[in-house]
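Report on one structure; see the data block that follows.
The values are calculated or read from the model by the stated rules, or taken from the named source; none is laboratory data. Not measured: the values here are computed from a predicted model. Note that we place each Cβ from the backbone using ideal geometry, even for glycine, and neighbour counts take in every protein chain shown. Ligands, DNA and RNA are stripped out before the accessible areas are found, and what is left, the full protein with its side chains, is counted by its heavy atoms. Shrake-Rupley method; radii C 1.70, N 1.55, O 1.52, S 1.80 Å.
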Amino acid sequence: MNDATPAPAAPAAPVFLRGIWRENPVLIHMLGLCPALAVTNTVANSLAMGIATFFVLCGSSFLVSLLKRFIPHEIRISTYILIIATFVTVADMSLAAFTPGLHKALGAYIALIVVNCMILGRQEAFASKQSVGRSMLDAVGTGFGFIIALVMMGAVREVLGSGTFLGFSVFGDNFEPWVVMVLPPGGFLTLGFWLLGLSWWTERKKQRAAAEGGAS
Amino acid sequence: MSRPPLVVTASPHLAGPDSTPRIMWNVVGSLVPVVAIATYYFGPSALLVVTAATLGAVIPEHFFGKRGSLGDGSAAITGILLGLTLPAGIPLWMAFLGGAFSIAFGKIVFGGLGQNPFNPALLGRAFLQAAFPVALTTWPAREGASWWSLAGDNFALPLMRAAPDAATGATPLGLLKFEGTKTDVGELYLGSIPGSTGETAAIVILLCGAYLAWRRYLNWRVPVGIFATVAVFSGLLYVTDVSDADPLFMLGSGGLVIGAVYMATDMVTSPVTHKGAWIFAIGIGFLVVVIRVWGGLAEGVQYAILLMNALVPFINRATQPKVFGTRREGTAA
Amino acid sequence: MRNALRFRHGVHPPDSKTLTESLRTKRMPFPDEVVLPLSQHAGNPAKLLVQVGDHIERGDMIAAADGFISAPIHASASGVVEEIGLWPHPNGGYQDAVRIRVDPYSAQVPRARLLPEWEGLSPKELVDVVRDAGVVGLGGAAFPTYVKLMPREDTDIEVLVVNGCECEPYLTTDHRTMADFPERVHLGIRIMMKCLGVPRALIGIEKNKPDAIEAIRKTCPDDLDVEVLPLTVKYPQGAEKMLIKALLDREVPSGGLPLDVGVVVQNVASIATIAEAFETGLPLIERIVTVTGEGVAKPANLIVPVGTKLIDLINACGGLTKKAREVVLGGPMMGTAVSNLDAPVLKGTTGVVVLTARQIRAQRQYPCIRCGHCLDACPVFLNPQKLGNLAMAGRHQEMQDEHHLRDCMLCGCCSYVCPSNIPLSQLFGASRAALKRTAAPA
Amino acid sequence: MAELLWILLSAMVVNNFTLYYFLGLCPFMGVSGRVGTAIRMGAANIFVLVITSTCAWFLNTFVLEHAPYLRVISFIVVIASLVQIVEMAVKKLSPVLFRQLGIFLPLITTNCAILGLAIFQTNRGYGFLEGLAFAIGAGLGLTLALILMASIREDAETADVPGIAKGTAMVLIVAGSLSLAFMGFAGLLSSA
Amino acid sequence: MNAPARPEVAPWKLAMTLAVAGALAGLLLVFVDQVTRPKIEAHRRATLKDAVKEVLAIDPDAGDGSRIVSVRVDDAGLELEPEAQYEVDASTIDRVFLGYDASGAVRGFAIVHQQMGFQDVIRLIFGYDPRTETVLAMRVLESRETPGLGDKIEKDAAWVAMFDDVKAPIVAVKSGERSAPDEVDTITGATISAKGVIDIVNAALARQELAKRLAQWLQEAGQ
């Protein structure tokens, strides 16, 4: 994917980096919350969901930007959904065939990638207007951002909820797991906690900058 | 003639007798006998658990709460109440964690005193129950043990599991639900039954509540409404043979008394109107019976109150008082 | 059916009336100077008639009514107009006032004048006498009284309600008026009934004034259909709407007037003043003022020339004590605090209450804990809790549109009971002012 | 009948669609600022969910039996088009109703609750009536969650919420608390 | 792309594009389905087979002579199938599995059944010997019980082991009070889930008198 050449007009790095952190789909734009909350009770599930979504996002971005000339404006949304749904089905079947355990853990939420607003959003906002290369960069960046957010969620929830990270024990055998973290309330609370933490951090950074600006 | 310095304030120039810290500290004071009786029944463990929960509540309030908000006493109430809803044998670190969660996620996040939609103590307890279901439903049995012995593994290392306690009992509600045996009603009201530290000795709690109601520090409509609803509804189910629990048993068992007197009446999270208070109370009573009879859990008071807490803003909206002079339109003039 | 004589909600502040309630009213010696602001009543300020240097006699009109809702102002002492200009006004600011240096050697006898014989006058003529005497409501609002005496033709008034509640703590002016001058009250009632053409009158007096009830009952002429009704002691019993509710169990519709339920309400002190105008021929130039509170050395009920400076009044009562912290004009519930004691007594000044540091609401404000006490206190069934939140969020329009801000009487019950010390009624007053400001340009 | 009641209650409170399955989060976060809006949104949701359930049953029974791999595609396409048609019909037939609910309809189609319902219903092998009960329960559950959230948020508007908690973080914590409270319904009717 | 003057596109063209896209998508999916379906189904069968092997404690693939056959169950009766089919409808129990041990003797039946538990449906498999009316072993196949509490029905090995050689129908007793061979403890704090599992086993055996029919069928087959 790295050999996709960016359009020379604009630098490629921002396109790629934007989605990873500064405009993280989950943490900043609150997109794709359903999977971010539902299947992130372990890091492995988070990764699997992240990768499946990544695959669907890249695939559909590629196709959409490739075919943008042929897609009439009036039916573009339907076409995007058709394309996304196809990739989702492929991902669903592949996971079922090759990693049945993960498929069982993710359950219906794989199919729900279709209605992940993040994917449709990238098609409408970016892939339908940009070159294949830049669309791919954007998709890869956003997809990575999504994976990062999911893993952040999964890490907190698995470490506290099961005392493990990726299945490896963190606290030893005597750890009392916080079961609530792998339950639905844990999902809401963990994301809430991350958002609190992030905005506290941004706030502090802003204050520091202001203080320095004022001092100099 | 020297004139004393004069101030100018807005009317009214007199202040009423109540003040928020006075209300809060009165509630704290009224909890002292409850803690004492809990300690009497459950030994030093009860006091330890209450202390740990209170510290857990007070410390974050001190560091993250609004400046000086510790003095209003509300964090202390949250901590003590949380401690009273926990089994005496749980590790202290859990009680501390629960207190911290109560205050941090139940209160400070919403802007501190007066702004929280849910009763923080119950939210903390619901969190603990969801996080450590086993520890929260392990009730130490006290028969035969000396008063001084700890009720469970209070001193388990932080984050670590408690050593399994050999002598555990089941609450009267648990016995009824899962074993089909009924506890004697007399024991429920006076005494030493397995349960949370503050679940026993309903009479003491009722007396303390009566004191607060007399001082107008709690709305008597709420506990009365809850008790009445539970009595009527469970009585109905009892005579129709849907449930085995007679109203007296329903009223005396579990956290109903402490919940109805201390948790549901939390001013911040109960409706402001009298009509709303009745609706709120009836809703709690109804949900308590529903959860106890048809639910999967033996006890439902905390959830019933939390659920009705969530409805409070809606109830407040729906029960706005009718403004003077708008009530009898048509007959007037 | 009539319930117990009370309204719902309200508060029970300690009434603190024992300081002055048993003291007969005394006349205060004339001060060195009197200050008469041109705006002492609801409505337009009066129009000035005198110039600096003019010598005037007690009772002379120095400013004439300007427009329909306004009242003339008369000199309350003989002397020389020394200054006409801005002077501290009890409402806090400075306003145009006439300062008269009192002639120390004057006998303070008013000019000889014809006493109007009320029995021979038509209602219209009676009203003219009241208007020319500059009588305004003495209960505090200072609404020109003659306006109330000439209701619109199409209204059907069944009963005159005389307000002798005096529900504000500390104040005992109405109390003393009734106890000391009961005949005068009855004469005033007669005159008012004649003006209004009402056959029946009710006097509502709170139960904590048994001697007043007794005096009024005893002196009541047989030919007058007047009933004295003792009322529950409760604030704000003296608010018109509450009084009508308690006496007649009628609710004045939201946004309406007592007239809408066939009632005219008049304060007992104002009624006595009406009678006085016919008895003595003098306009409203003096009134009874309660000077009281733990911050005053010798509390008293004094007959005071309007325009007396507060400092003179207080000194006449032995001055402020060391504990004095706040001087309130009117009752402590709805009165206004003054810092400048050069401000004068107005026609509507019922009392001067000096509070001590321990009494005043200067404690720390806490967040609202939604205790709902304000809802239980509000006599007009508003939701001060919600209103307070909206006011602090600056959502004034919403307060008016959805939460009946207009019905608030600013009685202060909500602030009084609030355990968190939230100045609710002040917030509501500010919201109303803000709304008025935004509405004015449009 | 008891089974249907259980399905309905389960989707509504025990395993509330929003608070347990995280379905319908977009409107939950976005449209839950005002109680009035929340009620309308909820009503529109119930409506679309019932249509969806019917569609899904129809597709499952007559089409997908033979081509399960078309499940996701056919659900999304058929449901989206049907809602579009209904939206146009409502606009024509009752402009009032359209003003009340119509604007929410297209929003709902891309809401995971809709596809989620279809897929859950299929996975659990619900028949027509069961599906209907499921849809109504899910819709009521969404509405309940929306109303609770909206009324709490309306109150919080005048609260002095700390800067860093303003907005989504507080909504999430309220949602987590609601989710905790709803755990009280766990096992409802399952022991009877 | 977003030029203001967008040329009008004929509706048939739109429909055509969608149709083509749909057809292409369909084709792709058919292809992927062809590739993955055998794998998915094989996996499903293998999972079921493993569970059968586990609860009957035999391993036909080890070549020790043990074998598993499937028996079709319907209203008419039980019918041995020529080849073992690892497909089962757990709610109606349309198929059971009969295992023979290495010596050729009947080991017992494996029965899959599902019912409501605490949170959701619990699906389990258990081995059963109709001659001695004994449950051989039990495994939970699928459950969504509360982690940490209800999921002990799956994860608590000691508890699962209580189903080894227990007399049917099973009686649920309070935790730690097992005294008879037909008793199984419940789990403290997860009584409903534990009872649910016991109920499912009993219900499976009682369903259309399955236990009796199995015993009869075995007898008729002369074993």
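Remarks
- Among (1) in a helix (DSSP H, G or I); (2) open to solvent by 30 Å² or more (accessible area, probe 1.4 Å); (3) modelled with pLDDT of 85 or more - the single one A:Q130 does not satisfy: (1)
- Criterion: surrounded by fewer than 19 Cβ atoms within 10 Å (Cβ to Cβ), within 13 Å of another protein chain (Cβ to nearest Cβ) and more than 23 Å from B:E61 (Cβ to Cβ) - qualifying residue of B:A135, B:A170, B:A163: B:A163
- Scan the stretch A:30-47 for residues that are farther than 23 Å from A:D138 by Cβ and assigned to a helix (DSSP H, G or I) and the total you get is 5.
- Restricting attention to the stretch C:367-399, the residues that are assigned to a loop (DSSP other than H, G, I, E, B) and either within 9 Å of chain B (Cβ to nearest Cβ) or crowded, with 18+ Cβ neighbours inside 10 Å (or both) add up to 13.
- In this entry, E:D89 passes the filter for residues that are of a type in the set (D, E), open to solvent by less than 80 Å² (accessible area, probe 1.4 Å) and either closer than 28 Å to E:F163 by Cβ or within 9 Å of another protein chain (Cβ to nearest Cβ) (or both).
- Verdict on A:V159 being away from chain B (no Cβ under 14 Å) and part of a helix (DSSP H, G or I): no
- The stretch A:56-70 - residue that is under 17 Å from the mean Cα position of the chain (by Cα) and among the polar types (S, T, N, Q) and, of those, surrounded by the most Cβ atoms within 10 Å (Cβ to Cβ): A:S61
- Taking the criterion of being within 13 Å of chain A (Cβ to nearest Cβ) and either among the aliphatic types (A, V, I, L, M) or open to solvent by 30 Å² or more (accessible area, probe 1.4 Å) (or both), the residues of the stretch D:117-137 that qualify are D:L117, D:A118, D:I119, D:T122, D:N123, D:R124.
- Search result, residues across the stretch C:425-442 that are within 12 Å of C:Q385 (Cα to Cα) and at the interface with another protein chain (Cβ under 10 Å from one of its Cβ atoms): C:S425, C:L427
- Residue in the stretch D:56-77 that is crowded, with 21+ Cβ neighbours inside 10 Å, among the charged types (D, E, K, R) and within 14 Å of chain E (Cβ to nearest Cβ) present: yes
- Of the set (1) surrounded by fewer than 19 Cβ atoms within 10 Å (Cβ to Cβ); (2) free of Cβ contacts under 8 Å to residues at least 60 places away in the same chain, all apply to A:V180 but (1).
- Exactly one residue out of D:L146, D:L180, D:L188 is touching a residue at least 40 places away in the same chain (Cβ under 8 Å) and in a helix (DSSP H, G or I), and it is D:L146.
- Number of positions in the stretch D:62-102 that are of a type in the set (F, W, Y) and farther than 20 Å from E:G26 by Cβ: 1
- Segments classed as helices (runs of 4 or more DSSP H), wholly inside the stretch B:98-192, with at least 2 members that are within 23 Å of the chain's Cα centre (by Cα) and among the small types (G, A, S): B:120-131
- Which numbered condition C:I422 fails, given (1) more than 8 Å from chain B (Cβ to nearest Cβ); (2) in a helix (DSSP H, G or I): (2)
- Single match in C:M150, C:M193, C:M178 (criterion: without any contact (Cβ under 8 Å) to a residue 40 or more places away in the chain and either on the phi < 0 side of the Ramachandran plot or among the aromatic types (F, W, Y) (or both)): C:M193
- Residues of the stretch D:149-171 that turn out to be within 14 Å of chain A (Cβ to nearest Cβ), in contact (Cβ under 8 Å) with a residue 24 or more places away in the chain and surrounded by 24 or more Cβ atoms within 10 Å (Cβ to Cβ), as a count: 2
- The one condition in (1) more than 14 Å from chain A (Cβ to nearest Cβ); (2) within 15 Å of the chain's Cα centre (by Cα); (3) closer than 28 Å to B:L176 by Cβ; (4) not in a helix (DSSP H, G or I) that E:V184 fails to fulfil: (2)
- All of (1) open to solvent by 10 Å² or more (accessible area, probe 1.4 Å); (2) under 13 Å from B:P12 (Cβ atoms); (3) more than 8 Å from chain B (Cβ to nearest Cβ) hold for C:R364 with one exception: (2).
- Every residue from the stretch C:138-196 that is part of a loop (DSSP other than H, G, I, E, B) and buried (at least 24 other Cβ atoms within 10 Å of the Cβ): C:L138, C:G139, C:C165, C:E166, C:C167, C:E168, C:Y170, C:L171, C:T172
- Restricting the stretch E:102-129 to residues that are open to solvent by less than 10 Å² (accessible area, probe 1.4 Å) and farther than 24 Å from D:N123 by Cα leaves a set whose member that is nearest to the chain's Cα centre (by Cα) is E:A110.
- Candidates E:A194, E:A158, E:A203 - the one that is within 20 Å of E:D129 (Cβ to Cβ) and within 22 Å of the chain's Cα centre (by Cα): E:A203
- Residues (in contact with a strand residue (DSSP E or B) (Cβ under 6 Å, 6 or more places away or on another chain) and under 27 Å from D:L9 (Cβ atoms)) located in the stretch E:94-125: E:Q114, E:V121, E:R123, E:L124
- You will find that of C:V291, C:V304, C:V345, C:V352, the residue that is in contact with a helix residue (DSSP H, G or I) (Cβ under 7 Å, 6 or more places away or on another chain), of a type in the set (V, I, T), within 13 Å of another protein chain (Cβ to nearest Cβ) and in contact (Cβ under 8 Å) with a residue 40 or more places away in the chain is C:V352 and no other.
- Subset of the stretch D:80-116 [away from chain A (no Cβ under 13 Å), exposed (fewer than 14 other Cβ atoms within 10 Å of the Cβ) and polar (S, T, N, Q)]: D:S94
- Residue match in the stretch B:30-45 (condition: within 14 Å of chain C (Cβ to nearest Cβ) and surrounded by 17 or more Cβ atoms within 10 Å (Cβ to Cβ)): no
- Options B:A281, B:A264, B:A298, B:A332; residue that is at pLDDT below 85 and more than 11 Å from chain D (Cβ to nearest Cβ): B:A332
Yes/no per residue for (1) within 14 Å of another protein chain (Cβ to nearest Cβ); (2) surrounded by fewer than 16 Cβ atoms within 10 Å (Cβ to Cβ); (3) of a type outside the set (D, E, K, R):
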{"residue": "B:L206", "(1), (2), (3)": "no, no, yes"}
{"residue": "B:G209", "(1), (2), (3)": "no, no, yes"}
{"residue": "B:L218", "(1), (2), (3)": "yes, no, yes"}
{"residue": "B:P223", "(1), (2), (3)": "no, no, yes"}
{"residue": "B:F227", "(1), (2), (3)": "no, no, yes"}
{"residue": "B:A231", "(1), (2), (3)": "no, no, yes"}
{"residue": "B:V242", "(1), (2), (3)": "yes, yes, yes"}
{"residue": "B:L251", "(1), (2), (3)": "no, no, yes"}
